[in-house]
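What follows is a set of notes on a single structure, which appears directly below.
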Amino acid sequence: MSTDILRYDRMVEAALRRVVRDALKEVQEHGLPGEHHFFISFRTQYPGVRMPEFLRAKYPDEITIVLQYQFYGLDVNDERIEVTLSFNGSHERLVVPMAAITTFADPSVNFALQFQPPDEEEADEVVDEVIEEEAAPAAEDDDAPKQGGTVVALDAFRKK
């Protein structure tokens, strides 16, 4: 009997992350249709996450961003999401690896996905990729504003 197994859990997780990527690519290309808006939660300490230190201090483990009204320069690819949001009147660029996302929701259609944290082997691979990427020079982002979002602490909506 073979010790190799098919990792269906990884396959399903990758397929669901492609749903997130495809939805965000649609918005990148065409804007948000109708009442659609997204809540995206991600691990702030995940390798490759780039965000202002004041936000990381306020949300040391996880943060939820909302893409609805005021977000700019949305750039989506297979590995990450980049978006500029306004925090206290200042525009800040966020870079979020797809693997850092813990939940993706579109409340307008009652749709949500929740993701499992990667195992140690996957996390090590991500760290190696981030180190290589950060060694390469980054291109400037001169995208004009498209639409925007806000940060919402989900604790405000939880029953106490």
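The values are calculated or read from the model by the stated rules, or taken from the named source; none is laboratory data. Treat the numbers as computed from the prediction; the structure is a model and nothing was measured. Glycine also receives a Cβ, built like all others from the backbone with ideal geometry; neighbour counts cover every protein chain displayed. Quick note on the areas: whole protein, heavy atoms, side chains included, nothing else; ligands and nucleic acids left out. Shrake-Rupley method; radii C 1.70, N 1.55, O 1.52, S 1.80 Å.
The table for this structure:
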item: Subset tally (residues that are in contact (Cβ under 8 Å) with a residue 24 or more places away in the chain and open to solvent by 40 Å² or more (accessible area, probe 1.4 Å)) for segment 31-44; result: 5
item: Pairs where the first residue, in segment 1-30, is within 23 Å of Asp106 (Cβ to Cβ) and surrounded by 15 or more Cβ atoms within 10 Å (Cβ to Cβ) and the second is at pLDDT 90 or above and among the acidic types (Asp, Glu), C-beta under 7 Å, 6+ apart; result: Gln28/Asp75
item: Residue list for segment 78-113, restricted to those being aliphatic (A, V, I, L, M) and closer than 19 Å to Pro47 by Cα; result: Ile81, Val83, Leu94, Val95, Val96, Met98, Ala99, Ala100, Ile101
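The rows are residues; the columns are (1) free of Cβ contacts under 8 Å to residues at least 12 places away in the same chain; (2) buried (at least 19 other Cβ atoms within 10 Å of the Cβ).
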position	(1), (2)
Arg56	no, no
Pro60	no, no
Tyr72	no, no
Glu79	no, no
Thr84	no, yes
Gly89	yes, no
Val95	no, no
